[in-house]
Structures are given as C-alpha cells and as structure tokens.
There are 2 protein chains.
Amino acid sequence: MSQSATTNRRFVLVQHTQPDAEPTPAVWKMESVPVPKPGPNQVLLRTLWLSLDPYMRVRLNEADAYMPSVKKGEVMVGGTVSRVEASNNPAYKVGELVHSYAGWQDYVLSDGSDIIVKLPEGAKVPSWYLGSLGMPGFTAWHALMNIGKPKAGETFCVGAATGAVGQIIGQLAKAQGCRVVGIAGGKRKCDYAVQELGFDACVDHRDKEFASKLAAACPKGIDIYMEQVGGAVSDAVEPLLNLFARIPICGLISHYSGAGLDGRDRLPGFLSNVLFKRFKVEGFIIFDAYPQYYGQFLKEVTPLVESGKMRVREHLLDGLENAPQGLADLLTGGNFGKVVLKVAE
Amino acid sequence: MSQSATTNRRFVLVQHTQPDAEPTPAVWKMESVPVPKPGPNQVLLRTLWLSLDPYMRVRLNEADAYMPSVKKGEVMVGGTVSRVEASNNPAYKVGELVHSYAGWQDYVLSDGSDIIVKLPEGAKVPSWYLGSLGMPGFTAWHALMNIGKPKAGETFCVGAATGAVGQIIGQLAKAQGCRVVGIAGGKRKCDYAVQELGFDACVDHRDKEFASKLAAACPKGIDIYMEQVGGAVSDAVEPLLNLFARIPICGLISHYSGAGLDGRDRLPGFLSNVLFKRFKVEGFIIFDAYPQYYGQFLKEVTPLVESGKMRVREHLLDGLENAPQGLADLLTGGNFGKVVLKVAE
C-alpha cells in the first residue's frame, strides 16, 4: 500500500498505553481520508520520511507529561521530512523540502509556523534532517556543548551508544579530546561504536560483568554522563562519576515503561552523591533550544556530516504501515542506528 | 572551667557515630595538654569563638564522605575566630584576629596556610565571621548568585529558614526582587522570618497541613529551591517546582542520619521531573569556592551586615565544654539562628 495523490492515510490513537506497559499495534488505527486543500497562507505538505523516536513513548500515556499526550482520535505525532505539494504561502515554493512535525500521515496542511527548517537546495540526504542534522543530532550537540562542557582529557560516557543521539554525541566528544566510552546492547553494536564511530571503548550492558567491565573501561572515572537510559545502566555509571561530573538528562527510556526497579529508595543516595561529589544534573527538552541554537548547530555539524568526517548510521524502514512495529522495536533496543521510515519518494 | 594560658583543652574523638544515629556526648572526650610553642614560621592561635555547623555530623561517620571523617584520637573539626597569641610568621602580628579551622580546642599552631581570612582591624562583631560573613553566609551567597541566578519576580524557597544559611540567603533573594518563602520548625521561627527577616511567607513544617500551606504560599510555584533539608520537606517542595527550576544542594541534614525514608524508590520520579521540568540540580561544597569568590562575597555582603540592612541572628552558647550538646541541639533543630559558641574573651 503506497502513497496516493488523493487519499491521506493516517494513524490515529484509539487507546492509551499504561505507564508500565509497552505499546502494541492496537494503540492506533490507520484510516484513509481525502487529501485536504490549502486555505489562505497555507501549504500542503506530503510526507517523504517519518522519524521514530523514544520520546513518542511518553506521549502515548494518558497523562500529560512535559508535552501533552496524544489524545484519542488525534493523529500520532512525529517528525517528518516533507515536500511542498501546493502553496498559498509566499515563503514556500512547490517542490521544496522542509523538516516539520506532520505526524504519522501522508499529508498535512501548515501555515509554516510549525516548520522547523527548510532543507537547503540539494540537501545530500534528506533523512539526515531527522537524525544527525535534526532533533537527535541537535540534542547531542546541545547536551555536550552547552551542558556537558567537555575538557580535553576528560572521560565521556553515553548509553545507547549507537542510537540516534549516542552515535553523534560520542563522535562530538571525541573531537573535543575526550576519552569516549559507550554502552550498548550486544557485541555488534559495541564493535561498531569502536571500529566505525571511533569510540575508545564500548561495553555491552547485557554482559553479566557489565559493571566491572564498565569500570575497567573508565580507569579515570567519568566526567560527563549523557543520561538517556536510566535503570540498571545508570546504577552502574553512578559510582564511577568523578567530582564535578556533569549529567545532562534528555531521556530515561527504561523508565518510560516503569520497568526494572527493585523497590529500594535510591533518591537519598543519589542526592548525597550530587552533594558530596558536586554533580551538576540538568534536564532539558531540546524543543526549548531551537530558537537560540539550532542555526549554530547546523552551521557547525552540517560540514562534518556532509564530508563524511562524522559517521551516520540509519536504521531504515519502509512504508507508513510499518510505523507501529518500528516504534515497538526501537523501544526495546531492536534498532541499530537512527530509525527513519521511508514513506514515499 | 575557663581558658588557661598554659593548658590546652581539646575534644578528641573516641568513637564514630552510626550513619543512622545522632551523636551522643560519648563520641568525644575532653583532654588537657600543655599549650604548644610555635616553631619557625608558625603562629599560636587562641580560640575565641567556635562555630557549630551541620556538616560536622557527616564527619562523625567512620567512612569518609566528601571530606575525610574525623579519625579516633583526632581533635574534632570546627571553624573558629582566633587571636594570634605568639607569632614567628611575619604575615601575622600578636593581637590580630583570624578566621581559621582550629577545631574544638583552646589553642592550635598554624603556619598560616589554613587561615581563611584575617579579620579587618576593628571588625564590628568577630563571630559574624563564623556566620553571615563566614562559611554559612558565603554558602548562601554562592548558592543564590552563582547557581540559583535569581530573576526579579521569581519565587525563592529555602528550608531551615532561620538557620545560619537560610536567614542570609532569604534576605539576599529578597534584595534580588524575589518572592521569598521560608520553611522552618515552629511558629516562633516562622514569625521571625516574616517579621524580622522580611520574608514574604514562612511555613511550619511541623504543621499537619504543611504541604497544602506551602502550596498556598507559592501561588506561582517555586523557581529556586535551596536544598538544605531533604526528606519530607523536599517531598513537599518537589511538586511545586516550576519549569527550569534551579536546585542548589548544599546539605541534606535530615538524610545525614538516614531517618524518615519510607522505602519507596523516589529516584525515577525525581529524575523524570528533572527531565520533564528541565531542572538544574547542582551540588556544591563551599570550600571549593573560596579561592575564586570569597573576596567578592565579603566586599558585597560586609556593608549590608555592618549597616544592619541585613539582619543577623545568632544562637549564642558559652563555654567550650558545651560544644557536644550544642551540636546535638543543632542537628535536631533546637537552635534559633546561627550557632556560635564563645570560648573566651
């Protein structure tokens, strides 16, 4: 089933997910409606690429969190690269590509206010604007440069090392002169982090001796820990954190579904460490940073990605209908690289 | 029993305290030894004032934390205002007053490297250098100005509001244009915070409706929370924290003895809040900040204190022999103001 010029396929939410459960295909239904027509000042966007990302899990809960949850009957949210198919807005010409948040559907109307960026003419790989040059890459850059503030010779550690954010932030930290230690699930990902991304080490969190191997990989402790994971991975990192460690927090994927907790109250111990070891822990939602920093990020990172100096690995899926399974795989670590779904040419 | 010119009374540690217990008088014994004589480049310091502070509790544990624990047979640590009684060091003259860490004793030798600051000639109230112009005042100033970074119109909240740090930081935040809400134990302290220190509100944490009264006192939420307390007080503050709240952590007094925990794992919830609400949580140990900031602090705050613009409340004790009881009272909230102990004229 592929894209049509007259029908808009879209995934709408039919039921929320319990906070401690993983989403199933029954969360959404796909429906077909006519392609809408742009009104005054509007453009019609046609989806070419859809991004699948961990933050989507939070928005399937019934309760609002840092962003409103998706409500029943609403189209599922998602970042897209889209083509302008029709335009009543002088800022956008037919044929131009934009990065927007059209959601899990073929078509959407926009007045331009929700368009993040217009892709430059001749953009080498449009899907990069959903990964290395989009939200995950920007997350990596912002967390490292504005919160982590690395110094040469420090040790940088990231979980989900070959994921959309991990692969970029590790390479950026390496360029800043850090020792870079990744954590990933399985030998294949770990080998890739070291051999292809240039990490100094990468430790498999499924290994029975994970904690001791991580300690061995960080002989001088950890100065910056990019928290994306939470749970058992964080528990192994915490004792290795050095005085004045910085911990940007952009995601706690293993907490999204509430799994893996043993009932012990770890807060007093954590806060004691924050105090005694002078940690700086800073949460951020990358959407806040776009106005101030996205332009600077693109200017710095685009040449690295286009020249191939920065390696980018995508986990490619095909067909809008495969979005639910793709998200489920992502949430359980089944992806290998940034997950992007090709919706149409 | 008062100070002698020939005998040095000192409290040495005879047993450590269990992490979940409060210290008893049996922790120390007082012994009398001859007053030592200064060697080359040394000065002999005579203790006039001894400061009692919450950090002392941590150093009674057997295990080292952010600073080494006091070992058995060692003199108990403590900040002092001392008089130079004899000097072989050209930088110090007999009769000068200094702020140092002589510990719980009458006399100590120093080569000057452990002297924090020489009091200015004619210093109005020497004991202020243990409180508003010493470590607690400096802690307040550093936490507020360098970590909290207040903006006019924001709401600032501090626990232990009439304590050594709380009274200063609240008045400083007020001067920055914040709404200032204190938390203290008992009506007398709360009234003092509002009527004498000029706080906008102060809520009694012993009140059965503490959480709802705190919420009512913070109609626009809390932007900066000075964490000194931990436990149930922090639990009531956490839901009131606004987006982009800043949480300097300088002490967790109620956790020092491990009390008040209900077994629930509060870490995932706390970290989710850090992420979703973009908190900045930063631990600091004030001793790190002296080289860079203590001079600036004195320059800014001394005129406020000396002019009476900033109110300073001391909880005065008398006699070195009363130090153990004074510390015990401090750790259970029995003090009302900065605890300073007069050792001698």
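Listing for the model above:
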{"item": "Condition met for B:ASP191 (away from chain A (no Cβ under 14 Å), surrounded by 17 or more Cβ atoms within 10 Å (Cβ to Cβ) and more than 20 Å from the chain's Cα centre (by Cα))", "result": "no"}
{"item": "Answer residue from region A:26-36, given it is farther than 15 Å from A:ASN61 by Cα and in contact (Cβ under 8 Å) with a residue 60 or more places away in the chain and is most open to solvent (accessible area, probe 1.4 Å) among those", "result": "A:MET30"}
{"item": "Some residue of region B:153-162 being part of a loop (DSSP other than H, G, I, E, B) and surrounded by fewer than 24 Cβ atoms within 10 Å (Cβ to Cβ)", "result": "yes"}
{"item": "Residue check for B:LYS149: surrounded by fewer than 20 Cβ atoms within 10 Å (Cβ to Cβ) and at pLDDT 95 or above", "result": "yes"}
{"item": "Count - residues of region A:53-100 that are within 20 Å of A:HIS315 (Cβ to Cβ) and in a loop (DSSP other than H, G, I, E, B)", "result": "6"}
{"item": "Count of residues meeting criterion [touching a residue at least 24 places away in the same chain (Cβ under 8 Å) and open to solvent by 60 Å² or more (accessible area, probe 1.4 Å)] in region B:305-339", "result": "8"}
{"item": "Residue check for A:GLN171: in a helix (DSSP H, G or I), more than 24 Å from A:PRO291 (Cβ to Cβ) and open to solvent by less than 10 Å² (accessible area, probe 1.4 Å)", "result": "no"}
{"item": "Tally of residues being touching a strand residue (DSSP E or B) at 6+ places or on another chain (Cβ under 8 Å), more than 22 Å from A:LEU243 (Cα to Cα) and free of Cβ contacts under 8 Å to residues at least 24 places away in the same chain across region A:202-227", "result": "2"}
{"item": "Entirely in region A:258-345, the helices (runs of 4 or more DSSP H) that have 2 or more residues that are touching a Cys at 6+ places or on another chain (Cβ under 8 Å) and farther than 18 Å from A:ARG57 by Cβ", "result": "none"}
{"item": "In region A:277-296, the residues that are facing chain B (nearest Cβ under 7 Å) and either among the hydrophobic types (A, V, I, L, M, F, W, C) or touching a Gly at 6+ places or on another chain (Cβ under 6 Å) (or both)", "result": "A:ARG278, A:PHE279, A:VAL281, A:PHE284, A:ILE285"}
{"item": "First in region A:158-172 and more than 18 Å from A:LEU331 (Cβ to Cβ), second anywhere and among the polar types (S, T, N, Q) and open to solvent by less than 10 Å² (accessible area, probe 1.4 Å), Cβ under 7 Å, 6 or more apart", "result": "A:ILE168/A:SER132"}
{"item": "Those residues of region A:102-146 which are open to solvent by 40 Å² or more (accessible area, probe 1.4 Å), in contact with a strand residue (DSSP E or B) (Cβ under 7 Å, 6 or more places away or on another chain) and in a loop (DSSP other than H, G, I, E, B), in sequence order", "result": "A:ASP114, A:ILE116"}
{"item": "Condition met for B:LEU48 (farther than 26 Å from B:GLU314 by Cα, touching a residue at least 60 places away in the same chain (Cβ under 8 Å) and outside any loop (DSSP other than H, G, I, E, B))", "result": "no"}
{"item": "Matching residues, region B:198-234, being in a helix (DSSP H, G or I), at pLDDT below 95 and surrounded by 17 or more Cβ atoms within 10 Å (Cβ to Cβ)", "result": "B:GLY231, B:VAL233, B:SER234"}
{"item": "Positions within region B:265-276 being within 7 Å of another protein chain (Cβ to nearest Cβ) and within 22 Å of B:GLN228 (Cβ to Cβ), in sequence order", "result": "B:ARG266, B:LEU267, B:PHE270, B:LEU271, B:VAL274"}
{"item": "Region A:292-303, subset without any contact (Cβ under 8 Å) to a residue 60 or more places away in the chain and within 19 Å of A:LEU119 (Cβ to Cβ), residue least open to solvent (accessible area, probe 1.4 Å)", "result": "A:GLY295"}
{"item": "Subset of region A:58-100 [modelled with pLDDT of 95 or more and of a type in the set (Phe, Trp, Tyr)]", "result": "A:TYR92"}
{"item": "Residues that are acidic (Asp, Glu) and either within 11 Å of another protein chain (Cβ to nearest Cβ) or at positive phi (or both), drawn from region B:201-255", "result": "B:GLU227, B:ASP235, B:GLU238"}
{"item": "Filter result for B:LEU13 (open to solvent by less than 40 Å² (accessible area, probe 1.4 Å) and over 26 Å from B:PHE336 (Cβ atoms))", "result": "yes"}
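The values are calculated or read from the model by the stated rules, or taken from the named source; none is laboratory data. Values in this document were obtained by computation on a predicted structure and should not be read as measured data. Neighbour counts are summed over all protein chains in view; Cβ atoms, including those assigned to glycine, are modelled from backbone coordinates with ideal geometry. Surface accessibility is based on the protein's heavy atoms, side chains included, excluding ligands, DNA and RNA. Shrake-Rupley method; radii C 1.70, N 1.55, O 1.52, S 1.80 Å.
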